[in-house]
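Visitor: Encoded as structure tokens, here's the structure I'll be asking about.
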Amino acid sequence: MNLSKFTDYSLRVCLYLAAHNERVVPISELARSHRIPQSSVMKVVNRLVDGGFLSSTRGRAGGVRLSQPATATSVGAIVRHMQGHDQLVDCSTCILKGSCGLVGALRHAKETFYQMLDQTTLTDVLASHSRTLPILLDASATARGDAAEA
């Protein structure tokens, strides 16, 4: 299964927010820390807010934060929300449409994929590698430093 860039960005945003769960994080910091265009981060954030994964605060001290604890936020739920319900393959022009045994196998593979991700929380991802959290925390210092210099 191939995740869209949009989904990839959403996971990066959510992991960053999980690492910085004690504060509201400005969108500009998210963009700088991951070197993602701010316009793309805005689109991702809006979709995550609409899905209930993030809460946003407007104004000078505004930004976003996870709406639920990282321990309760499954990677599967985020991916499912961002990827939508598209099929893995486009059968619309296939001569086997409606008579193909591959469709069921692909559906099963997709369900299995999501079941595995449903069992993984943002906290699990942060803890799965010893350098993940320190890198995200260091990115914050770098992003804030870049903002101060600008």
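Visitor: Specify the residue that is most open to solvent (accessible area, probe 1.4 Å); the eligible residues are those in the stretch 13-25 that are in contact (Cβ under 8 Å) with a residue 40 or more places away in the chain and part of a loop (DSSP other than H, G, I, E, B).
Guide: Filtering the stretch 13-25 for residues that are in contact (Cβ under 8 Å) with a residue 40 or more places away in the chain and part of a loop (DSSP other than H, G, I, E, B), the one most open to solvent (accessible area, probe 1.4 Å) comes out as 21.
Visitor: Kindly indicate which of 74, 10, 40 is of a type in the set (S, T, N, Q) and touching a residue at least 60 places away in the same chain (Cβ under 8 Å). Show your work before the answer.
Guide: Working: 74 fails: touching a residue at least 60 places away in the same chain (Cβ under 8 Å); 40 fails: touching a residue at least 60 places away in the same chain (Cβ under 8 Å).
Going through 74, 10, 40 in turn, just one is of a type in the set (S, T, N, Q) and touching a residue at least 60 places away in the same chain (Cβ under 8 Å): 10.
Visitor: Now for a different question. Which residues, counting only those in the stretch 47-68, are outside any loop (DSSP other than H, G, I, E, B), open to solvent by 40 Å² or more (accessible area, probe 1.4 Å) and within 13 Å of residue 27 (Cα to Cα)?
Guide: Within the stretch 47-68, the first condition is being outside any loop (DSSP other than H, G, I, E, B), and the residues that meet it are 47-50, 54-57, 63-66.
Going one step further and asking which of them are open to solvent by 40 Å² or more (accessible area, probe 1.4 Å), we end up with 47, 49-50, 55-57, 65.
Once the filter is applied, which keeps residues that are outside any loop (DSSP other than H, G, I, E, B), open to solvent by 40 Å² or more (accessible area, probe 1.4 Å) and within 13 Å of residue 27 (Cα to Cα), the stretch 47-68 yields 49, 55, 56, 57, 65.
Visitor: If you don't mind, another one. Give the stretch 33-46 a look and list any residue that's assigned to a helix (DSSP H, G or I) and within 22 Å of residue 75 (Cα to Cα), or say none. Quick ask: steps written out before the conclusion?
Guide: Of the stretch 33-46, the ones assigned to a helix (DSSP H, G or I) are 33-34, 38-46.
If the condition is that a residue be assigned to a helix (DSSP H, G or I) and within 22 Å of residue 75 (Cα to Cα), then 33, 34, 40, 41, 42, 43, 44, 45, 46 are the ones that fit.
Visitor: While we're on this one: Taking the stretch 69-101, which residues are open to solvent by less than 60 Å² (accessible area, probe 1.4 Å), among the aliphatic types (A, V, I, L, M) and farther than 25 Å from residue 46 by Cα?
Guide: Of everything in the stretch 69-101, nothing turns out to be open to solvent by less than 60 Å² (accessible area, probe 1.4 Å), among the aliphatic types (A, V, I, L, M) and farther than 25 Å from residue 46 by Cα.
Visitor: Then there is this: From the set of residues in the stretch 3-12 that are in contact with a Leu (Cβ under 9 Å, 6 or more places away or on another chain) and of a type outside the set (Ser, Thr, Tyr), which is surrounded by the fewest Cβ atoms within 10 Å (Cβ to Cβ)?
Guide: 3
Visitor: For residue 141, only one of the following conditions fails: (1) among the aliphatic types (A, V, I, L, M); (2) open to solvent by less than 70 Å² (accessible area, probe 1.4 Å); (3) touching a helix residue (DSSP H, G or I) at 6+ places or on another chain (Cβ under 8 Å); (4) under 13 Å from residue 19 (Cβ atoms). What is its number?
Guide: Tallying (1) among the aliphatic types (A, V, I, L, M); (2) open to solvent by less than 70 Å² (accessible area, probe 1.4 Å); (3) touching a helix residue (DSSP H, G or I) at 6+ places or on another chain (Cβ under 8 Å); (4) under 13 Å from residue 19 (Cβ atoms), residue 141 fails exactly one: (3).
Visitor: How many residues does the stretch 72-89 contain that are under 22 Å from residue 26 (Cα atoms) and either of a type outside the set (A, V, I, L, M) or assigned to a loop (DSSP other than H, G, I, E, B) (or both)?
Guide: 1
Visitor: Moving on. Could you go through the stretch 127-141 and let me know if any residue there is without any contact (Cβ under 8 Å) to a residue 40 or more places away in the chain and more than 28 Å from residue 36 (Cβ to Cβ).
Guide: Within the stretch 127-141, the subset without any contact (Cβ under 8 Å) to a residue 40 or more places away in the chain is 127-131, 134-135, 138, 141.
Now restrict to residues that are more than 28 Å from residue 36 (Cβ to Cβ): none.
Within the stretch 127-141 (the criterion being without any contact (Cβ under 8 Å) to a residue 40 or more places away in the chain and more than 28 Å from residue 36 (Cβ to Cβ)), the answer is no, since none of the residues qualifies.
Visitor: For residue 104, which of the numbered conditions (1) surrounded by 13 or more Cβ atoms within 10 Å (Cβ to Cβ); (2) farther than 18 Å from residue 26 by Cα fails to hold?
Guide: Single failed check for residue 104: (1).
Visitor: Tell me, please, whether a residue that is assigned to a helix (DSSP H, G or I) and either over 21 Å from residue 3 (Cβ atoms) or of a type in the set (D, E, K, R) (or both) can be found in the stretch 113-120. Steps first, please.
Guide: Narrowing the stretch 113-120 to residues assigned to a helix (DSSP H, G or I): 113-118.
Still in the running and either over 21 Å from residue 3 (Cβ atoms) or of a type in the set (D, E, K, R) (or both): 118.
Yes, some residue in the stretch 113-120 is assigned to a helix (DSSP H, G or I) and either over 21 Å from residue 3 (Cβ atoms) or of a type in the set (D, E, K, R) (or both).
The values are calculated or read from the model by the stated rules, or taken from the named source; none is laboratory data. Please read all numbers here as calculations on a predicted model, not as lab measurements. Every residue, glycine among them, receives a Cβ derived from its backbone with ideal geometry; neighbour counts consider all protein chains shown. Just the protein is used for accessible areas: all its heavy atoms, side chains included, with ligands, DNA and RNA removed. Shrake-Rupley method; radii C 1.70, N 1.55, O 1.52, S 1.80 Å.
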